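The values are calculated or read from the model by the stated rules, or taken from the named source; none is laboratory data. Just so it is clear, the structure is predicted and the values come from calculations on it, not from any experiment. Neighbour counts run over all protein chains shown; Cβ positions are idealised from the backbone, glycine included. Calculation scope for accessible area: heavy atoms of the full protein, side chains included, ligands and nucleic acids excluded. Shrake-Rupley method; radii C 1.70, N 1.55, O 1.52, S 1.80 Å.
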Amino acid sequence: MVFATHSQAWGSKVRRAAAAARDKPLLRPWRARNNLFFRGGGEGRKGATIRISTMELPVTDLREGSCGGKGSEAPRERRPPVSVAAVLPAGGSGERLGGCTPKQFCALLGRPLVSYTVRAMERISWISDIVVVVSPENVEVMKSIIKKYGHKRTTVAEGGMTRHRSIFNGLKKIAESHLLSSPLQKPEVVIIHDAVRPFVEEDILFKVVMAAKEHGAAGAICPLVSTVIASSADGCLDHSLDRAKYRASEMPQAFLFDIIHQAYHQCSDYDLDYGTECLHLALKYNKTNAKLIEGPPDLWKVTYKRDLYAADSLIKDNISQQVCVLTNMKEDAVQVGFLLHETLKSDVKDNLSNFQETHQLVEILENTNASLLYSVVLISVYLDFFENVSFISAMQRFTKFAKEVEKKNILLYGLSIHYRKDNLKLQETMDSAAALIMALIRDRNPAYVGQLLVA
């Protein structure tokens, strides 16, 4: 039984890979909600497996409204009538996070945080260039991340000693590109967004770009959660602010390129060294009053260690929302697959289909680089596995194969279900199996790779 989801963009690649698999039938794809599921031939035997796999969408692909309903066309992409580039400051030291690794390079599901933010930007076709600004000692690290995860339209710039100086360097990288024979092109509007805010969506980016086109500058804001107070010199309360009148400045922000570039050129050393607010520079040095746009609640910045745990949990939850149950055509496997399908409906969106071999699915995943950005979870569910006389040798082969494919970011687990048609506790068994399946999908624990769990 297999839970499988991935984006439409992979469809042609998967079909070509399946067709190229020698001596194996071409899998017939079936589309639903912007995902591609497979139906294969139905050979099997007593105790044959049901496969369960997840091929994850990028986090922002799984948000509400990003997929059309069954049979519907994908929503037409909105494109601003101006050229757009993005600068992502990523030069922080992570002092508040603690530890020796800057937060932008901390791993979430084995992948650096900054890679998620770059991916969120490069998914938007109307952002022509992305400049990531990192500290000098991390330039090569960032270049290796771009190469490893196949990021496109992304350039690295060397940062300065402070946030504003790093952003200024990123803007200069774009403005001076014609002098350096660089592929970068000066845009009409530039987005500035923190590299440690990975959950940015196209809607808020579009809104700030359109507002910047009209007003010269724009930025996302959110309501204050806590009341802001001022203390006196002796540490006592001096006064508090009316929370209803104030907002927290967030990212992303957008500017007409010439306005923010000129503002940085006129900026005093004091502002460059101690300032943090780009909108303030546009107002102070160019008299450009920014338009403020109410942003969604998930624009938060990864700052402390607890934020890393929250980001990790959110990513796991979002990439585990849609699954597909794939079985062989044996009667027992089909019935158990249907029962698991019904049981799992309360946890994920899933569809029922069938498939042939775990090895064939793994081969397709490898050929399409499906596991490059996100780990793929593949679960083989066995019926009455322990009645098989070759149990030990079969488990040895399974464990060996699982360890091999783990190197390719494919997590293979085993699950045995004791199945009897007259079992009055069959639904209870299915509930237990579904709970184990969802735990494996959401936790992605490498300690259980190649192991056989029992429901």
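Are any of the residues in the stretch 91-108 touching a helix residue (DSSP H, G or I) at 6+ places or on another chain (Cβ under 6 Å), among the charged types (D, E, K, R), surrounded by fewer than 20 Cβ atoms within 10 Å (Cβ to Cβ) and modelled with pLDDT under 90?
no
Can you give me the number of residues within the stretch 228-261 that are of a type in the set (Ser, Thr, Tyr) and out of contact with any Asp or Glu (no Cβ under 9 Å at 6 or more places or on another chain)?
2
Assuming Ile146 fulfils every condition listed in (1) modelled with pLDDT of 95 or more; (2) open to solvent by 40 Å² or more (accessible area, probe 1.4 Å) apart from one, which condition is it?
(2)
Can you name the number of the only condition in (1) modelled with pLDDT under 95; (2) open to solvent by 10 Å² or more (accessible area, probe 1.4 Å) that Ser177 fails?
Among (1) modelled with pLDDT under 95; (2) open to solvent by 10 Å² or more (accessible area, probe 1.4 Å), the lone unmet condition for Ser177 is (2).
Taking the options Tyr448, Tyr419, name whichever one is over 22 Å from Ser320 (Cβ atoms) and either at pLDDT 85 or above or among the hydroxyl-bearing types (Ser, Thr, Tyr) (or both).
Working: Tyr448 fails: over 22 Å from Ser320 (Cβ atoms).
None of the others qualify; the one that does is Tyr419.
Show the residue pairs meeting these rules: Cβ distance below 7 Å; 6+ apart or different chains; first residue within the stretch 234-251 and within 20 Å of Pro223 (Cα to Cα); second residue modelled with pLDDT of 90 or more and part of a helix (DSSP H, G or I).
Once the first residue is within 20 Å of Pro223 (Cα to Cα) and sits in the stretch 234-251, its partners that are modelled with pLDDT of 90 or more and part of a helix (DSSP H, G or I) give Ser249/Leu279.
If we only count helices (runs of 4 or more DSSP H) wholly inside the stretch 79-190, which ones have 3 or more residues that are within 19 Å of the chain's Cα centre (by Cα) and not charged (D, E, K, R)?
Answer list for the stretch 79-190: 113-122, 139-148.
For the stretch 235-290, which fully contained helices (runs of 4 or more DSSP H) count at least 1 residues that are in contact with a His (Cβ under 6 Å, 6 or more places away or on another chain) and surrounded by 16 or more Cβ atoms within 10 Å (Cβ to Cβ)?
On the way: elements: 257-266, 269-274, 278-286.
Per the criteria, 269-274.
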